[in-house]
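The values are calculated or read from the model by the stated rules, or taken from the named source; none is laboratory data. Computed from a predicted structure; not experimentally measured. Note: ideal-geometry Cβ built from the backbone for every residue, glycine included; neighbour counts use all protein chains shown. For the accessible areas, the whole protein counts, side chains as well, though only heavy atoms, and no ligand, DNA or RNA atoms are used. Shrake-Rupley method; radii C 1.70, N 1.55, O 1.52, S 1.80 Å.
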Amino acid sequence: MMQTLATGTNGHGKGTTPIMNLAMPVSPTPALPREAGEGDEGSLREFHVKRASSGRLREFAGLGTLLVERGILEAEGLARIEQIRAVNPQRLSRLVVDMGLVSQDALCQLYSEVLDLPVWDGEGEPSLDESFPKGYLDYNRILPVSREEGLWLVVDDPEDDGLLDMLERLHPDAKLAIASPQKLSAALNHLAVSDGRQEERQISLSIEDVGHLKDLALEAPIIRLVNELITAGVEMGASDIHLEPGKTQIVLRYRVDGVLHSRQAPASEDFPAVISRLKILANLDIAERRLPQDGRIRMRTSGREVDIRVSTLPTPHGEDVVLRLLDQKHQALSLAATGLSQRITDLYLRNLERSNGLILVTGPTGSGKSTTLYSGLNQIIDGTRKIITVEDPVEYELPGISQIQVNEAAGLGFANILRSILRHDPDVIFIGEIRDRETAEIAVQASLTGHLVLSTIHTNSATGAIGRFLDMGVADYLLASSLVAISAQRLVRRLCDACKVQETPDVATAERFGLRRDELIYRAVGCPKCARTGYRGRLAMAEMLEMTPALRQQILQNPSSDALNAIAREGNFETLIDDGVVKVRAGLTTIEEVLRVAG
């Protein structure tokens with residue numbers, strides 16, 4: 001029976017718990033209270049009848065008071081926990097342990113007293129057989145133990161109604177016991193190590209699973225589900241799609257204008273087939289579930305060609321998958337389209353006319369760094385300069401330039417590609433990202449020998465990029481000579497023109513950001529056109545640090561961000577916040593959005 005069961009209700013009465021054969025889901029029928037008969041003493045059947053008749057778990061609604069009355073928890077600790085729960089609702093029993101206010105053993109003993117359940121003493125022979133496959137036990141946190149009086153099932157969460165209902169249906173005559181999470185984990189780990197034969201059985205099962213999942217991934221319902229999932233993201237204008245497996249349910253979220261929005265997720269029983277379908281499309285190994293993988297899909301949806309970067313990451317409950325969508329047709333590659341201010345745009349264009357030097361764009365992932373540099377390259381393609389890019393991956397295909405894809409698995413990394421392309425007489429080199437010392441040193445050397453080098457690097461500010469290069473081991477005098485300009489940027493949401501409303505800033509906001517008290521700015525409201533968010537689309541705000549003799553000298557003396565910022569401020573340097581306030585005054589975004597993104 002256990003081999004064919006695919007789903008079980010979770011502890012909140014929602015979602016499903018994947019167990020074994022995802023191809024043949026069997027929905028358990030609701031259990032009806034039965035009269036306890038002879039021989040039921042201590043069994044799951046008897047425990048179920050007690051729960052159904054007395055609502056025993058409802059006593060845990062007053063768990064906090066009970067902990068205080070028994071002297072296990074201080075009243076001040078309970079008050080602090082309730083403040084946290086008011087903002088972020090969580091199960092109190094878990095929160096008191098996570099905060100270190102109550103030990104797991106003490107909570108386990110309290111469960112035992114209130115629910116009239118025995119605490120497992122470690123006696124008995126844990127077993128692993130066809131009725132209890134290892135993956136099922138690990139996922140649901142169950143330990144089957146054979147004792148003289150019969151089968152015992154040990155759990156660490158007696159508040160999980162769905163799990164207890166499922167066990168009562170499958171093993172009504174088994175007896176239930178509880179143990180602390182540490183004790184249960186140790187027993188489950190020992191069970192996995194001690195049973196080598198089961199390990200062999202698991203391997204054969206996983207091989208059969210792979211073939212079965214491949215068949216499922218090629219069936220029409222799964223193909224349609226994956227296509228609809230991606231199409232929805234394209235039509236919403238999402239930049240990323242997140243598929244996140246949890247213990248009891250799957251979470252699907254789309255990142256639109258930099259903010260995640262939840263949508264109805266695929267059913268738990270379909271999730272492995274959905275992941276397998278995505279892996280097949282991205283040419284990934286569907287049998288590999290223990291290591292991260294990266295791939296790429298190119299498909300046509302909604303009449304458009306879309307590039308999708310696929311990244312998988314193993315988690316305790318399955319593989320977390322992120323799809324990054326790149327709609328090339330709808331991406332206007334021009335500096336004007338990025339939303340950068342005219343001042344920053346002019347600085348970019350002026351520096352792109354140089355014949356040599358190093359230009360950097362910094363910022364976190366998803367801040368539009370590559371798009372800005374691509375837009376700049378697009379404006380200097382005139383056939384008179386040889387332009388070569390080294391990327392991982394190639395995000396935009398631009399005519400008139402040579403683009404090279406990094407392939408670390410084949411030994412084709414940033415550093416060795418750069419050495420080779422220097423022999424191809426380039427005028428401009430674009431490096432997708434500088435990640436290590438070797439790449440940084442080659443980039444600096446290239447910029448000093450007659451090449452204009454453009455690249456990105458992950459730092460929080462323009463001046464922070466200097467410290468990052470020095471930390472990687474680049475000599476300060478080489479860096480001071482090669483750097484031309486550094487830009488840091490973020491993407492902020494653009495106000496919806498259909499519903500934005502004028503207002504004047506309060507006293508604190510006006511003083512902090514240099515606004516007049518009677519100055520009109522805008523706030524977000526929300527309407528059907530912007531999906532009630534108050535924002536539609538994004539634009540870039542940026543700071544650009546152009547190198548001056550004073551800054552170059554400062555790099556050689558004291559290259560700290562504070563010292564460099566002080567020198568920069570003596571010129572016409574404007575920070576991210578300064579640029580954000582300009583956009584607020586122009587009615588393009590809000591102060592709240594600038595602070596959310598820039599801090």
Just one listed residue, out of S276, S334, S355, S341, is over 17 Å from the mean Cα position of the chain (by Cα), among the hydroxyl-bearing types (S, T, Y) and more than 26 Å from Y396 (Cβ to Cβ), and it is S276
All-but-one check, G122 against (1) outside any helix (DSSP H, G or I); (2) at negative phi, failing number (2)
Of the residues in region 280-295, those that are surrounded by fewer than 18 Cβ atoms within 10 Å (Cβ to Cβ), out of contact with any helix residue (DSSP H, G or I) (no Cβ under 8 Å at 6 or more places or on another chain) and either hydrophobic (A, V, I, L, M, F, W, C) or under 27 Å from E397 (Cβ atoms) (or both) come to N283, L291, P292, D294
Going through region 305-314 in order, the residues found to be more than 18 Å from the chain's Cα centre (by Cα) and either open to solvent by 40 Å² or more (accessible area, probe 1.4 Å) or modelled with pLDDT of 90 or more (or both) are E305
Filtering region 496-523 down to residues that are of a type outside the set (D, E, K, R) and touching an Asp or Glu at 6+ places or on another chain (Cβ under 8 Å) yields T504, P505, A510, L520, I521, Y522
Counted residues in region 144-167 being over 21 Å from E113 (Cα atoms) and either at pLDDT 80 or above or not in a loop (DSSP other than H, G, I, E, B) (or both) come to 9
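Is it the case that G526 is in a strand (DSSP E or B) and among the small types (G, A, S)? Break it down into steps so the answer makes sense when it comes.
Values: in a strand (DSSP E or B): no; among the small types (G, A, S): yes.
In short, no.
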- Query: Is one or more of the residues making up region 511-526 open to solvent by 70 Å² or more (accessible area, probe 1.4 Å), within 26 Å of M236 (Cβ to Cβ) and either under 28 Å from the mean Cα position of the chain (by Cα) or modelled with pLDDT of 90 or more (or both)?
  - Reply: yes
Listed by range, strands (runs of 3 or more DSSP E) wholly within region 315-393 having at least 2 residues that are closer than 24 Å to R552 by Cβ and open to solvent by less than 20 Å² (accessible area, probe 1.4 Å) are 357-362
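Taking region 566-597 on its own, how many of its residues are of a type in the set (G, A, S), surrounded by fewer than 20 Cβ atoms within 10 Å (Cβ to Cβ) and part of a helix (DSSP H, G or I)?
1
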Restricting region 535-565 to residues that are assigned to a loop (DSSP other than H, G, I, E, B) and either closer than 17 Å to S481 by Cα or modelled with pLDDT of 90 or more (or both), the one most open to solvent (accessible area, probe 1.4 Å) turns out to be N558
